[in-house]
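Have a look at the structure below before the remarks.
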Amino acid sequence: MYGDAGWGAQQAHAGQQYPYGGQPQHPQYDGWSQDQQPHYGGQQYPQYDGQGQQHFDPQQTGQHPHPQPHQGGWDATGTHGHVPYAADPGDPYGQHPAAYGAEQPDLYGTEDAYPPPQPPGHRDPQGDDEPPLLPPEDDEVPPERSERRGKGRKPVKSKKGRTGCALMVVVLVFGGGLGGVAYFGYQFYKNRFAPAPDYAGSGNGETVTVDIPKGAGGYDIGRKLKEAGVVQSVDAFVSAQAANPKAKALQDGIYTLQKHMSAASAVDLMLSPKSRDNLVIPEGKRNIWVYEAIDTRLKLAKGTTAKVAKKDWKDLGLPSWANSNKQIKDPLEGFLYPSSYAVAKGMKPEDVLKSMVERSNEQYKQYDLAGKAQDLGLSSPLQVLTVASLVQVEGKYKHDFGKVARVVYNRLKPDNVETAGRLEFDSTVNYLKGQSTLDVGSVADLRKIADPYNTYDIKGLPPGPISNPGSEAIESALKPTPGPWYYFVSINENETVFAVTNEEHNRNVEKYQEARKQAGN
């Protein structure tokens, strides 16, 4: 490929080739010839002229950095033509040079003699191509020049070891391929025909609650159960659901199950009222509602749980950042996490409250409220939770939570020209009054209420949460939707309108009031 027919053209025939022009040679040597030199696979030896000058073939040794002697002159490129001496066909090594005199004794004619010494710079004969799988470290290293000059040629190492290594590599590769085919074939058979992994029995006694969203299908339910550790695989649950004719009646909601249940047992329990015979705390409920629900479930006098909460709140497992404001009305507000709780007759209110606080701690650690508060421009994790509680109550529909959270952060800016740092949320007035109504009064009247939770009067956030927010509200508080809005009003479930200016908002309020009239409210 470099202007010379080279190795490839001279190896036209496959199989073993003799190194000397195709003629088998005997291990005898009669001296150096001025005529044609022997070839190893088509590459020439260094040539010697009558003055002992040495010529190098660039194809054999590479380009020499200095001009080389060539036919009595100097070739700047280091290349030369063919040797201008004729060879005697009767002598396989060519004629003896005149400078060496008469015939010399054959010192290398015996079978056990060393090969003849090589001239300086002479390359060893090249053998056959190595098998492509041999590693580079198996290549023979040519002896040093000093060894070639003084000791002649070292015995050539046998290639049987190399051939064995090559065969071993081939066997390993081929065997590995068969092993891989067998493995993947087994995996295909197992996935296609073998039963799906499944636990045995009706659970290990450890209860867990699973929230099944509305519209969830068999695979969605199975995925939720697998993530909670109830079933071992989604496919096992789907198969068990398909085998149970009543399983089509599975509904969304919160279920109380056990870990490590067989798929069939999980389906049976989900169809039983026992799995839903728990105390369910909906998202956005205030603590006063939760206290009353616990009293009802435990058949206690009204107000019993509220008194326990007020007295023992420090012993219920709240995080250190929970009660960071002395003006907080209820330290447990925001820490009775919305979920399903197993509340049985005979339990104490403090035990139920502890389980709810424990659940909230688990969830809040996952959200890293402490780590993200500063990124949001807030001073504490409690403020993040407070924003989430406002989003939960003010945002009527979950698909609006992201924009509602943005309105909260925009209004908190002290230099905003719309609210001057006030939130002005009706929900905070309802909280401080212990009521839930849409008609809280005029703005002028609301500003007269002196209370740290009255966001029509104070600037910034209230002292603490005003509800127990769910996961969607918390996530929206952590990642609010980008936007310039300061106002919003929900016309109906499919329409919540957001505004940048108060004038635009007033027009939206008129539209909202008209919709209420049409609905008979």
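No value in this document is a laboratory result; all are computed from the given coordinates. Being a predicted model, the structure only gives us computed values, none of them experimental. FYI the Cβ positions are ideal-geometry reconstructions off the backbone, even for glycines, and counts take in every protein chain you see.
Just a few scattered comments:
- Size of segment 322-375 as Cα extents on the principal axes (Å, biggest first): 45, 27, 13
- Label point at LYS214 placed 7 Å out along Cα→Cβ; residues across segment 246-285 whose backbone nitrogen lies under 12 Å: 252-253
- Sparse packing (at most 11 other Cβ atoms within 10 Å of the Cβ) combined with a DSSP loop state is found for the following GluC sites (Glu not before Pro) in segment 481-521: GLU493.
- 13 Å beta-carbon shell around GLY317, net charge (K/R +1, D/E -1): -2
- Loop-located trypsin sites (Lys or Arg not before Pro) in segment 191-236 whose Cβ has at most 11 other Cβ within 10 Å (DSSP): LYS214
- Segment 444-513, Cα convex hull volume normalised per residue, Å³: 144 Å³
- Calculated FRET efficiency for the pair ALA249/GLN435, C-beta based, R₀ 45 Å, to 0.05: 0.70
- Long-range Cα-Cα pairs in segment 370-518 (distance over 19 Å), rounded percent: 52 percent
- Centre separation in Å (Cα based) which lies between segment 205-224 and segment 426-498: 32 Å
- Modelled label positions at LYS285 and ASP368, each set 7 Å beyond Cα in the direction of Cβ, lie 3.2 nm from each other.
- Here r is the Cβ-Cβ distance between ASP375 and VAL509 and R0 is 45 Å; the resulting FRET efficiency, rounded to 0.05, is 0.85.
- Working value for segment 207-277: equivalent-ellipsoid semi-axes of 14, 14, 12 Å, each the square root of 5 times a Cα gyration tensor eigenvalue, largest first.
- Charging the Cβ of each Asp and Glu at -1 and of each Lys and Arg at +1, and nothing else, the dipole of segment 370-518 about its Cα centre rounds to 180 debye.
- Computed lengthening from LYS311 to ALA519, 0.36 nm per intervening residue step minus Cα-Cα distance: 70.4 nm
- Computed extension gain for GLN327 through HIS399, at 0.36 nm per residue and net of the alpha carbon distance, reaches 22.7 nm.
- Taking the C-alpha atoms of segment 202-320, convex hull volume expressed per residue in Å³: 136 Å³
- Label-point separation, THR481 to ALA344 (7 Å along Cα→Cβ), nm: 4.5 nm
- The charge dipole of segment 286-367, taken about its Cα centre with unit charges on the Cβ of Lys, Arg, Asp and Glu (plus for the first two, minus for the last two), comes to roughly 220 debye.
- As a ratio to 2.2 N^0.38 Å, the alpha-carbon radius of gyration for segment 286-367 is 1.05.
- The simple spin-label model puts a point 7 Å past each Cα toward its Cβ; for GLU206 and GLU358 those points are separated by 1.2 nm.
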